[in-house]
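A quick write-up on the structure given underneath.
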Amino acid sequence: MPLHMVKLCVGADSVEDLRSWVEERLETARREGRPAEQFHQTRMLPKRGAEILEGGSLFWVIRGNVQVRQRVLEFRPFTGEDGIPRCRIMLEPVFVETHWQPRRAFQGWRYLKPEDAPPDVGHGSELGSLPADLRRELASLGLL
């Protein structure tokens, strides 16, 4: 089973917010003739990257809950203009909503074992059929 990563999604208030932000950036890249690729830039290259590339995902924490994941496609290490090594985590721009899982704030990213990852919200499941704002409200009440 692949290893996953979990990361705080700073600046997004919802999955819809994250999705629209990514779509906007991809569209801007297309208009400017740049490759339309989604990535998250970080300072560290994951030491266990090979395990993640076996089908792992980046799980996003939004408003204190893991809510969505994206498949990790590759890691692209590079050195910035300032001479500092960095890494781009290349992501598939497909958002798979998950059952909400509470997470406290943390810095950077963490590894996430498959058995600790929240399951996907299946199409047709009762939870998946609820509107996002209702799911947010239920989660804020501690019912999800």
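The values are calculated or read from the model by the stated rules, or taken from the named source; none is laboratory data. If you're wondering where the values come from, they're calculated on a predicted model, not measured in any experiment. Reconstructed Cβ throughout: ideal geometry from the backbone, glycine too, with neighbour counts over all protein chains shown.
Would you be able to say whether some residue in region 58-66 is small (Gly, Ala, Ser), more than 12 Å from residue 109 (Cα to Cα) and crowded, with 20+ Cβ neighbours inside 10 Å? No: zero hits.
Among residues of region 32-45 that are under 20 Å from residue 110 (Cβ atoms), those with a Cβ under 9 angstrom from a residue that is among the β-branched types (Val, Ile, Thr) and surrounded by 14 or more Cβ atoms within 10 Å (Cβ to Cβ), sequence gap 6+ or separate chain, pair up as 39/89; 40/89; 41/89; 42/89. Can you find a residue that is closer than 16 Å to residue 42 by Cα and either over 13 Å from the mean Cα position of the chain (by Cα) or modelled with pLDDT of 95 or more (or both) anywhere in region 128-136? There is no residue in region 128-136 that is closer than 16 Å to residue 42 by Cα and either over 13 Å from the mean Cα position of the chain (by Cα) or modelled with pLDDT of 95 or more (or both).
Within region 84-122, the set of residues being modelled with pLDDT under 95, among the small types (Gly, Ala, Ser) and surrounded by 14 or more Cβ atoms within 10 Å (Cβ to Cβ) is empty.
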